Amino acid sequence: MIYLYILVMAAVTYLIRAVPLTVFQKKIENRYIRSFLYYVPYTCLTAMTVPGIFYATRSPVSAAAGALAAAGLAFRGKGLVTVAAGACAAVFVAERILI
Amino acid sequence: MNKQEFRCGLKDGAPIAAGYLSVSFSFGIMVLGGGLSIFQGALMSLTNMTSAGQFAGLQVIIAGGTLLEMAVTQFIINLRYALMSLSLSQKLSDAVTFRERLVIAFANTDEIFAVAVGRGKSLTFSYMLGLQLLPVLGWTSGTVLGAAASGLMPPALGSALNVALYGMFIAVVAPNARKSRAVLFAAALAAAISCMIYYVPALSGISSGTAIILSTVAASAAAAFLFPVREEGETEA
């Protein structure tokens, strides 16, 4: 069953990439559709992070510490790996104090 | 096959591969935490080449969602690649054949797309192949390493590393939310809808995959309506 899931994932994702690269090669003129697609990465990443992140660790409090650390570093324009490492470190330290 | 173009691609792809290795390492940890095998995780990474899509897909698998739900989740989250492929197709050299396009499509990720279109000259098949090779290897092997390491890690470290991928999601959204009120609005609305579905008892029957779809579609539609984008990346806010 898991292989069936992976097959569906791979097929849908590949078709999304391959069809516009081979068959349709027209620019999307509709401003509303272009705007919608512009916002999709931000909204889907946020929807996956909140509230999911608060249940990813051994305590919602340590997870909140990780989320705050990530947000603080990200607002300061730090790179992907720095932000992720900062979030992990904050969780680790918070759990040291809590647990 | 042009060796010089291929080597140029390899060089441009190396930094992307290094970044992918660390991101997929944390994905590998989640794969094992979700009850999948190392091989299944590696297969997923090799055949999908997308962080957000795979993360959402993993949620659907863990929740035991339907295949239709899986297909719709992937379609919505990965739809932006259609836009990138459209844009990339305009930058390819006329010599690139239909079959070669089918190969290039496979790993047209956000980062590879950004580097490719930033190159400024018409793109050859050799260059694209070189550009994609190392990132594909990095993404897949990182997943394997993360999954293999997660069994050996003490629980305290495992718990801390669980937030790594979320941290990277925050790292993508936060700087743009700071620059643009429209992105901030879109992200805040997505978070509010996602929380509402999670916490309001009457909505608790909605699965996590469907919750991601609903939040993404509703918040993006509202933001597109209120703050239409003028050109690539530019908003009126």
Here, helices (runs of 4 or more DSSP H) confined to region B:1-99 with at least 1 residues that are touching a strand residue (DSSP E or B) at 6+ places or on another chain (Cβ under 7 Å) are B:80-91
Within region B:42-68, the count of residues that are over 16 Å from A:ALA11 (Cβ atoms) and touching a residue at least 24 places away in the same chain (Cβ under 8 Å) comes to 9
On the basis of being polar (S, T, N, Q) and out of contact with any helix residue (DSSP H, G or I) (no Cβ under 6 Å at 6 or more places or on another chain), does B:SER45 make the cut?
no
Exactly one of B:VAL173, B:VAL96, B:VAL103, B:VAL115 is crowded, with 23+ Cβ neighbours inside 10 Å and over 25 Å from B:LEU32 (Cβ atoms), and that one is B:VAL173
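Yes/no matrix, rows are residues, columns are (1) modelled with pLDDT of 95 or more; (2) more than 8 Å from every other protein chain (Cβ to nearest Cβ); (3) under 28 Å from A:VAL81 (Cβ atoms); (4) part of a helix (DSSP H, G or I):
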| site | (1), (2), (3), (4) |
| --- | --- |
| B:ALA160 | no, no, yes, yes |
| B:GLY167 | no, no, yes, yes |
| B:ALA171 | no, no, yes, yes |
| B:ALA174 | no, no, yes, yes |
| B:ALA191 | yes, no, yes, yes |
| B:GLY205 | no, yes, no, no |
| B:ALA222 | yes, yes, no, yes |
Of those in region A:70-81 that are at the interface with chain B (Cβ under 8 Å from one of its Cβ atoms) and in a helix (DSSP H, G or I), the residue farthest from B:ALA191 (Cα to Cα) is A:VAL81
Across (1) buried (at least 20 other Cβ atoms within 10 Å of the Cβ); (2) within 9 Å of another protein chain (Cβ to nearest Cβ); (3) of a type outside the set (D, E, K, R), B:GLN90 clears everything bar (1)
**Prompt:** Mind checking whether some residue in region A:56-70 is polar (S, T, N, Q) and crowded, with 18+ Cβ neighbours inside 10 Å?
**Reply:** yes
- Assess whether A:ARG34 counts as being among the charged types (D, E, K, R), more than 19 Å from B:THR47 (Cα to Cα) and part of a helix (DSSP H, G or I). yes
Only one of (1) modelled with pLDDT of 95 or more; (2) at the interface with chain A (Cβ under 9 Å from one of its Cβ atoms) does not apply to B:THR50, and that is (1)
| request: Inspect region A:33-50 for any residue being free of Cβ contacts under 8 Å to residues at least 60 places away in the same chain, within 7 Å of chain B (Cβ to nearest Cβ), over 25 Å from B:ALA223 (Cα atoms) and surrounded by 14 or more Cβ atoms within 10 Å (Cβ to Cβ) and give the result as yes or no. | output: no
Of the residues in region A:51-69, those that are touching a Gly at 6+ places or on another chain (Cβ under 8 Å), within 7 Å of another protein chain (Cβ to nearest Cβ) and at pLDDT 95 or above come to A:GLY66
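The values are calculated or read from the model by the stated rules, or taken from the named source; none is laboratory data. None of these values were measured; they are calculated from a predicted model. Positions of Cβ are generated from backbone atoms using ideal geometry, with glycine treated the same way; all protein chains shown enter the neighbour counts.
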